[in-house]
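Input: a single structure, listed below in structure tokens.
The values are calculated or read from the model by the stated rules, or taken from the named source; none is laboratory data. Model, not experiment: these values are computed from the prediction. Counting neighbours? That spans all protein chains shown, and the Cβs are built from the backbone with ideal geometry, glycine included. Remember, those area values only see protein heavy atoms, side chains included, never the ligands or the DNA or RNA. Shrake-Rupley method; radii C 1.70, N 1.55, O 1.52, S 1.80 Å.
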Amino acid sequence: MASARPRPSVMTLTERAAARVRELVEGAERPIAGVRVGVKKGGCAGMEYTLEPVETPAATDDVVTGHGATVYVDPKAVLFLFGSVMDYETTKLRSGF
């Protein structure tokens, strides 16, 4: 019997994004496993991304790991994030994913 093909990752993390996720996990007031990326209605395109701490991952979350960081993807966000790259940047005016 042939083995199943591995499932592709929903998204990938840059080293900067992974470093920031690790900082958030290490600096959290309570122990957390990582962060969850989701979507909600809003923004100019009709959807905006959310980021929240994850104490206990949901069984339905997709798990993305990279560079020592773990990001959980809400199942409702998979179609919006598939194939994307999560990065983190700091400029003079803002910082964010």
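A few points about this structure:
- Total residues in the stretch 37-60, condition among the charged types (D, E, K, R) and within 14 Å of residue 80 (Cα to Cα): 3
- Qualifying residue in the stretch 11-32 (condition: crowded, with 18+ Cβ neighbours inside 10 Å and at pLDDT below 95): no
- Residue 10 vs. criteria of a type outside the set (Asp, Glu) and in contact (Cβ under 8 Å) with a residue 60 or more places away in the chain: yes
- Hits in the stretch 73-97 (condition: more than 14 Å from residue 12 (Cβ to Cβ), open to solvent by 100 Å² or more (accessible area, probe 1.4 Å) and touching a residue at least 40 places away in the same chain (Cβ under 8 Å)): 80
- Inside the stretch 67-95, residues that are at positive phi and out of contact with any helix residue (DSSP H, G or I) (no Cβ under 8 Å at 6 or more places or on another chain) make up a count of 1.
- Within the stretch 37-72, the set of residues being farther than 16 Å from residue 25 by Cβ and either open to solvent by less than 50 Å² (accessible area, probe 1.4 Å) or among the basic types (Lys, Arg) (or both) comprises 38, 39, 40, 41, 42, 46, 50, 58, 62.
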